[in-house]
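Encoded as structure tokens, the structure appears first; notes follow it.
Rule-based calculations on the coordinates, nothing more; no lab input. Because the structure is predicted, anything quoted here is derived from the model rather than measured. Here the Cβ positions follow ideal geometry from the backbone for every residue, glycine too, while neighbour counts run over all protein chains shown.
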Amino acid sequence: MASLKSLNPFLKSNNDTGFGANASGYGGRFINKDGTFNIQKTGIPLSERFSIYHSMLNMPRWKFALVIVSFFFGINLVYTLVYLAIGKHEFTGMIATGWWQEFLELYFFSTETFTTVGYGRVNPVGTAANFVAAFEAMSGFLSFAVTTGLIYGRFSRPKAFISFSDNAVITSFKDKTALMFRIASYKDLHVLTNAEIRVTTGMLQAENEHRNYKFYELELERNRVDSLMMNWTVVHVIDENSPLFDLSPEDMKEADVEVYVLVRGFDDVYSNTVLKRTSYTYDEILFDKKFVPMYKESEDGKTTIVELHKLNEFQ
């Protein structure tokens, strides 16, 4: 990789990324496209590593809904089996005949008790049935309290509604070459103020007969905007001082180049600082492509239209 040797010898690597330098200990990319870290931790019990609260806050909406619904049906199934084991003779008001009908009647009695609805036709009369029903009612309102807190936490949690382009491009820029990618705020009436961006690249380099990862912060044409209301094309000029200088696609693949992006800004709605991250691996960096414009003037000439569907379009 002769082109990798063209790096400016005075260029300092940035070692505060949180990643080490041992190339043999890594697998795949460092940061996933959705901003999560591609890390799996082992060595201590799962009970110490796993947090139900944080997992419920961070999982996708469909998974969250599936967990809540599955828990509701599952816990009521457990209580129904307990009631069946106790026996129908400890209940009054049951009109079902046959095992399946008894199961359904006791299952719906369980859901009514768990939610503290209590329609009243089926009632426990035995000591064991009353004890289980009382415990179920207590676990029911505690479960709904926890669920309410999780739902509130998910809705009130500050979030950066920012989309990144799927690919970065390397193309001509003025009289030089530049690495570019785009970001856009996709929610109506959602504007980040004092938005700042930091871009770092990691690559394999030979050092003392070993190949280690080196990390460099990329200098940007602009790393801050007062308000992120439209799209923002982030530009890193590739000159003699850039770690990407004179790298071909083959060089990038050989060096396992990955570009890390971190955007931070203040959200007026949440009155809090929000951030979002992503990365581009060498195979997601396209050469000789240029992004197409993604905003235009409205027909009456009184407003600007941002065409978010063009975020990933290039020519």
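Key figures
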item	result
When each of Lys276/Lys296; Lys63/Lys296; Lys174/Lys296; Lys174/Lys302; Lys63/Lys289 is checked by Cα-Cα distance, pairs over 29 Å	Lys63/Lys296; Lys174/Lys302; Lys63/Lys289
Fewest-first sequence of Met56, Met230 by Cβ atoms within 10 Å of each Cβ	Met230, Met56
Cα-derived Rg over Rh, computed across region 258-315 with Rh taken as Kirkwood radius	1.10
Sorted by Cβ density within 10 Å, fewest first, the residues Phe72, Phe291	Phe72, Phe291
Region 160-310 - percent relative contact order, Cα under 8 Å, separation 6 or more	28 percent
Point-to-point label distance, Ile95-Val269, nm (Cα→Cβ direction, 7 Å offset)	5.0 nm
Förster radius 25 Å - calculated FRET efficiency between Asp246 and Asn32 (Cβ-Cβ, nearest 0.05)	0.30
Helical segments meeting 30 Å axial Cα length and Kyte-Doolittle 1.0 threshold in the chain (DSSP H)	61-86
Fully extended contour minus Cα-Cα distance, from Leu142 to His190, at 0.36 nm per residue	13.7 nm
Candidates Val263, Val169, Val292: whichever shows maximal mean-square fluctuation once the chain is modelled as a Gaussian network with Cα springs under 10 Å	Val292
Within region 153-191, chymotrypsin sites (Phe, Trp or Tyr not before Pro) in DSSP loop having at most 16 other beta-carbon neighbours inside 10 Å	Phe161, Tyr186
